Amino acid sequence: MISDDIIKAQLKKTLDKTSFSDLGAKYEGKVRDCYTRDGRRIIVVTDRISAFDVVLGTIPFKGQVLNQIAASWFEATKSLAPNHVLSIPDPTVMVATECQLLPVEFVMRAYLTGVTSTSSGTTTSAACAPSADTSCPKECERTRSSKRRS
């Protein structure tokens, strides 16, 4: 756990932008700055935070945390599906193979833990939480059916 003093000291030292022209052509996203050259993409994950397509500011260590979570999942799933990651030379940097875009997007916000009528918790009991197995125990069928009607 990082102490409050360390976080407070970093408030004025967040990474909000990069400028590394030597790395190649730059593309700046909401959170990541990407540089491409010779079939490689260098992704620098900044501390920028955005909501509704607007950058609101920065949060200390956000880029490091986001990049390390992504790196961990890419590492954990590489035996299931090859990925583009070549290396993680810094906590905020990922070096990857430049890939061809597959224009598909999935957005799942608060489905399992949200409070809206579409979240799992409000439409089913814990025993009927969504999974790869779409069957539902008999004791949940009544609950699931009655909630769909309302």
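No lab work stands behind these numbers, since they all come straight from the coordinates. Remember, it's a predicted structure, so these values are computed and weren't measured experimentally. Cβ sites come from the backbone with ideal geometry, for glycine too, and all protein chains shown count toward neighbours.
Summary of computed values
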item	result
Built amide H within the under 5 Å cut-off of Gly29, gap 5+	Cys34
Euclidean distance of C-alpha centroids, the range 59-111 and the range 5-28, integer Å	18
Lys26 versus Trp73: modelled label distance in nm, points set 7 Å from Cα along the beta carbon direction	2.7
Efficiency of FRET between Ser87 and Asp53 - r from beta-carbon atoms, R0 35 angstrom, step 0.05	0.70
Area projected by the alpha carbon convex hull of the range 10-107, averaged over all directions, nm²	7.2
